[in-house]
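I'd like to ask some things about the structure below.
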Amino acid sequence: MKKLLLALLTLPCFATATSAQTVAFVTEEYAPFNYRDGKVIKGATVEQVEKVMADIGVGYTLDVMPWARAFSLARSTPMTCVFATAHNASRDGLFKWVEPLLIDRNILITRKGSGVSAANLEDAKKYVIGTQRDDYTEVILKEKGFTKLDVASDFNATLRKLLGGRIDMMPISELYFDKLKTDQPLEMVTVLSSQPMGIACEKSFPDDLLTRMQASLDKLIASGEQKQIFLKYGLHLLK
């Protein structure tokens with residue numbers, strides 16, 4: 001009886017230790033970097049996360065949700081990481097980082113034939129700019145003095161507004177724009193910012209696990225496999 005009682009008492013501790021090594025990854029719908037294809041979550045950054053976790057042999061979960069919710073979960077929930085997250089000064093101390101999943105510029109774009117033009121960011125401030133709630137581009141736009149902002153729940157909603165003429169411009173990854181402009185009547189207006197994009201983990205995330213993840217990502221980059229993943233999705237890494 002004593003042995004049975006001891007086994008029952010130690011079982012919860014074992015379960016906690018096991019679950020502590022399961023990482024919860026959250027991301028948004030932002031093809032071709034991270035998106036749902038039916039029931040499958042895929043994309044150029046998703047594949048990198050999958051390869052990193054397989055390489056280090058640590059269990060994980062992956063979910064797609066609106067960016068504001070994903071960002072909030074990674075800030076408040078232990079063992080949770082959000083990607084691909086822009087690493088800038090305002091976010092630096094909010095998370096622990098594994099990077100880069102890519103290094104990208106963010107540009108302002110408009111639909112072709114809109115008549116919208118701006119030689120620089122100061123000129124662009126007279127237009128209505130669409131972005132996503134709690135996205136880093138919303139922060140950047142506010143920091144740079146933009147006041148005419150239209151804030152949607154996700155990237156696709158903002159893009160629909162731009163194509164429908166409901167907003168004048170929107171920020172977008174230059175890397176993704178290089179692909180998107182072949183299918184949509186869009187054109188670049190001006191550069192908004194440049195930054196590394198990475199995996200951002202909650203502040204209590206174990207340092208030893210973070211180090212293993214970073215080492216695995218470093219190998220992925222050095223071997224050229226990261227570049228091949230982007231090419232698979234029709235993306236060319238910018239120099």
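The values are calculated or read from the model by the stated rules, or taken from the named source; none is laboratory data. What you see is a predicted model; the values in this text were computed from it and never measured. Neighbour counts are summed over all protein chains in view; Cβ atoms, including those assigned to glycine, are modelled from backbone coordinates with ideal geometry.
So the check is Cβ under 6 Å with 6+ separation or different chains; which pairs have a first residue in segment 44-62 that's of a type in the set (Val, Ile, Thr) and a second one that's exposed (fewer than 15 other Cβ atoms within 10 Å of the Cβ)?
58/21
Okay, next question. With the requirement that a residue be of a type in the set (S, T, N, Q) and touching a Ser or Thr at 6+ places or on another chain (Cβ under 9 Å), what does segment 124-148 give you?
Scanning segment 124-148 gives 131, 132, 137.
So which of 182, 190 is of a type in the set (Ser, Thr, Tyr) and at pLDDT 95 or above?
Being of a type in the set (Ser, Thr, Tyr) and at pLDDT 95 or above holds for just one of 182, 190, which is 190.
So which of 217, 186, 210, 180 is over 16 Å from the mean Cα position of the chain (by Cα) and assigned by TED's automatic domain parsing to the domain that holds residue 50?
That would be 210, the only listed residue that is over 16 Å from the mean Cα position of the chain (by Cα) and assigned by TED's automatic domain parsing to the domain that holds residue 50.
If I filter segment 205-221 down to residues being among the hydrophobic types (A, V, I, L, M, F, W, C), in a helix (DSSP H, G or I) and in contact with a strand residue (DSSP E or B) (Cβ under 9 Å, 6 or more places away or on another chain), which single residue comes out as surrounded by the most Cβ atoms within 10 Å (Cβ to Cβ)?
Here the residue is 213.
Read through the list (1) more than 25 Å from residue 211 (Cα to Cα); (2) of a type in the set (A, V, I, L, M, F, W, C); (3) more than 16 Å from the chain's Cα centre (by Cα); (4) modelled with pLDDT of 50 or more, then give the number of the only condition that residue 4 fails.
Unmet for residue 4, out of (1) more than 25 Å from residue 211 (Cα to Cα); (2) of a type in the set (A, V, I, L, M, F, W, C); (3) more than 16 Å from the chain's Cα centre (by Cα); (4) modelled with pLDDT of 50 or more: (4).
Now a separate question. Considering only residues of segment 222-236 that are surrounded by 15 or more Cβ atoms within 10 Å (Cβ to Cβ) and not hydroxyl-bearing (Ser, Thr, Tyr), which is farthest from residue 101 (Cα to Cα)?
Ranking the qualifying residues of segment 222-236, first place goes to 235.
Considering only residues that are surrounded by fewer than 22 Cβ atoms within 10 Å (Cβ to Cβ) and of a type in the set (Phe, Trp, Tyr), which ones fall in segment 19-42?
Within segment 19-42, 30, 35 qualify.
Kindly list the number of the only condition in (1) outside the structural domain of residue 221 (by TED's automatic domain parsing); (2) in contact with a strand residue (DSSP E or B) (Cβ under 6 Å, 6 or more places away or on another chain) that fails for residue 156.
For residue 156, the failing item is (2).
Report the residue count in segment 126-169 for those that are in contact (Cβ under 8 Å) with a residue 60 or more places away in the chain and within 17 Å of the chain's Cα centre (by Cα).
Total satisfying the criteria: 8.
Name the one entry in 138, 174 that is closer than 15 Å to residue 100 by Cβ, in contact with a strand residue (DSSP E or B) (Cβ under 6 Å, 6 or more places away or on another chain) and not assigned by TED's automatic domain parsing to the domain that holds residue 70.
Working: 138 fails: closer than 15 Å to residue 100 by Cβ.
That would be 174, the only listed residue that is closer than 15 Å to residue 100 by Cβ, in contact with a strand residue (DSSP E or B) (Cβ under 6 Å, 6 or more places away or on another chain) and not assigned by TED's automatic domain parsing to the domain that holds residue 70.
A follow-up question, please. Among all residue pairs at least 6 apart or on different chains, which show Cβ distances below 8 Å where the first residue, located in segment 184-198, is in a strand (DSSP E or B) and the second is among the aromatic types (Phe, Trp, Tyr)?
186/177; 188/177; 195/136; 197/83; 198/83; 198/97
Scanning for something of a type in the set (Lys, Arg) and surrounded by 16 or more Cβ atoms within 10 Å (Cβ to Cβ), does segment 134-156 turn up at least one residue?
The first filter runs over segment 134-156 and keeps only residues of a type in the set (Lys, Arg), leaving 142, 144, 148.
Those left that are additionally surrounded by 16 or more Cβ atoms within 10 Å (Cβ to Cβ): none.
Within segment 134-156, not a single residue is of a type in the set (Lys, Arg) and surrounded by 16 or more Cβ atoms within 10 Å (Cβ to Cβ).
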